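Before any comments, here is the structure.
The values are calculated or read from the model by the stated rules, or taken from the named source; none is laboratory data. It should be emphasised that the depicted structure is a prediction, and the values quoted were computed from it without experimental measurement. Note that each Cβ is placed from the backbone with ideal geometry, even for glycine, and that neighbours are counted across all protein chains shown.
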Amino acid sequence: MQSSISPSDLTTAEERRVVPGETGLWVLILGELAAFGLFFTLVVWFRGENTELFAAGQAELHQDYAVLNAFVLLTSSLLVARGLRLARLDDARSWRLFGGAIVCGALFTAVKALEYTGLVREGHTAGSNEFFVYYYFLTGLHLGHVLIGMAALGVAVALCRPSNGSPTAARHEAAIAGIAVFWHLVDLLWIMLFALLYLMA
């Protein structure tokens, strides 16, 4: 009895199982998640051991800035997801969506700078108490990831812009997918930081 599955069907099935990005990228992402997971565990432990200090520090944070930044990064992730979809179709419009995500990243950075400035003016520096040590370390580390992600998105823009009138994105799908995955990680980390530092009661 002959199989009714054609080689083209097998190829299609294999393509559906492909994980976006390179293997090395996933090693990096899993390492990042493990590191941040450890930091988040320390925050939860600190909250349990120093409830009043944590609550007092949390009350000094500017929650409106954090909400705005959550909205900005969620919007950027939507742009990146749509951009990746268009890039896979070799649609030259994809670079504009990645460019929009870079603008969102710049807005996030500007809002975070405003928040830092306000806190410092109010006398809440990294040396104020243990809560602000955690706050500045974790949000600063995340901000560094935002800046790296923006640079990576700049690479995606360059890969997706038409070259001599012909789209080139499809030839670089693995790289663009890896950049998109990293940006989604940046977004996820902020949502978790927002919950831990600004909302956890």
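Of note:
- Answer residue from region 115-128, given it is part of a helix (DSSP H, G or I) and touching a residue at least 24 places away in the same chain (Cβ under 8 Å) and is nearest to the chain's Cα centre (by Cα) among those: GLU115
- Considering the conditions (1) more than 23 Å from ILE176 (Cα to Cα); (2) part of a loop (DSSP other than H, G, I, E, B), ASP91 is excluded by exactly one of them, (1).
- Under the condition of being under 30 Å from ILE102 (Cβ atoms) and free of Cβ contacts under 8 Å to residues at least 60 places away in the same chain, the residues counted in region 39-66 number 3.
- For region 54-64, taking the residues that are surrounded by fewer than 18 Cβ atoms within 10 Å (Cβ to Cβ) and in contact with a helix residue (DSSP H, G or I) (Cβ under 8 Å, 6 or more places away or on another chain), the one that is farthest from LEU143 (Cα to Cα) is identified as ALA56.
- Within the set PHE182, PHE131, the sole residue that is under 18 Å from GLN58 (Cβ atoms), out of contact with any Pro (no Cβ under 6 Å at 6 or more places or on another chain) and in contact (Cβ under 8 Å) with a residue 40 or more places away in the chain turns out to be PHE131.
- Among the conditions (1) among the β-branched types (Val, Ile, Thr); (2) surrounded by fewer than 13 Cβ atoms within 10 Å (Cβ to Cβ); (3) at pLDDT below 85, the only one that THR51 does not satisfy is (3).
- Which listed residue, of ALA201, ALA195, is part of a loop (DSSP other than H, G, I, E, B) and closer than 22 Å to GLY48 by Cβ: ALA201
- Residue match in region 155-165 (condition: under 24 Å from VAL44 (Cα atoms), among the aliphatic types (A, V, I, L, M) and over 17 Å from the mean Cα position of the chain (by Cα)): no
- Scanning region 95-110 for residues that are farther than 12 Å from GLY154 by Cα and buried (at least 19 other Cβ atoms within 10 Å of the Cβ) yields CYS104, PHE108.
- On inspection, LEU143 fails the criterion of being touching a residue at least 40 places away in the same chain (Cβ under 8 Å) and within 15 Å of TRP190 (Cβ to Cβ).
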